[in-house]
Amino acid sequence: MGEGFRDSMTDLTSGMPGACASCISRRAFLADAATIAALSALFSACGDSPVEPPPGKVEVKVSDFPGLATINQLVLVDRRRAAKRTGETTFVAFSRLCTHEGTPVEVSGSGFVCPNHGSQFSNDGSVTFGPATQALPTLPTSYDAATDLLTIGA
């Protein structure tokens with residue numbers, strides 16, 4: 001029998017050698033280990049994890065999104081992307097996947113908010129309120145004024 005553990009068949013009242021008053025039983029040790037493992041899983045599940053930006057590219061006709069006619073107005077393009085006009089022919093796009101746990105963020109006021117845990121992001125994607133600690137990733141954009149098509153993604 002290893003030192004520091006108590007065999008369930010041996011206790012202080014048995015008078016057997018090796019019994020110890022400060023030892024922990026195997027059952028108590030396993031219960032404590034299971035509790036620690038569960039808490040570790042819980043805390044690691046609720047934190048910034050690497051959330052990948054949406055893959056592929058999307059083409060949108062700018063005139064189909066009236067908000068894109070106004071400079072600095074955020075527009076939800078699809079479930080995973082948002083964009084805003086930054087100049088006459090320039091745009092910036094963001095991943096809508098919250099960097100905390102990947103939930104799609106919504107436009108709220110002049111920024112973004114995550115409906116799951118309340119993270120808030122400014123108009124430029126930077127974090128203004130946690131639990132998220134990383135900015136929303138920007139996505140590459142290109143605009144063809146002749147066709148009025150905005151391409152988002154790589």
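The values are calculated or read from the model by the stated rules, or taken from the named source; none is laboratory data. As the structure is a computational prediction, the values presented were derived from the model and not from experiment. Because the Cβ atoms are built from the backbone with ideal geometry, glycine has one as well, and the counts that use them run over all protein chains shown.
What the table shows:
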read-out	value
Qualifying positions in the stretch 82-92 - at pLDDT 95 or above and charged (D, E, K, R)	Lys84, Arg85
Residue match in the stretch 61-76 (condition: at pLDDT 95 or above, of a type in the set (S, T, N, Q) and not in a loop (DSSP other than H, G, I, E, B))	yes
Tally of residues being part of a loop (DSSP other than H, G, I, E, B), out of contact with any helix residue (DSSP H, G or I) (no Cβ under 6 Å at 6 or more places or on another chain) and surrounded by 13 or more Cβ atoms within 10 Å (Cβ to Cβ) across the stretch 131-154	6
Top-ranked residue in the stretch 101-118 [being within 14 Å of Pro137 (Cβ to Cβ) and touching a strand residue (DSSP E or B) at 6+ places or on another chain (Cβ under 9 Å); ranked as surrounded by the fewest Cβ atoms within 10 Å (Cβ to Cβ)]	Pro104
Subset of the stretch 143-154 that is of a type outside the set (Val, Ile, Thr) and within 17 Å of Val75 (Cβ to Cβ) - its residue that is modelled with the lowest pLDDT	Gly153
Residue that is within 19 Å of the chain's Cα centre (by Cα), more than 25 Å from Asp148 (Cβ to Cβ), surrounded by 12 or more Cβ atoms within 10 Å (Cβ to Cβ) and at pLDDT below 75, where the choices are Asp7, Asp48	Asp48
Residue within the stretch 74-96 that is touching a residue at least 40 places away in the same chain (Cβ under 8 Å) and surrounded by fewer than 14 Cβ atoms within 10 Å (Cβ to Cβ) present	yes
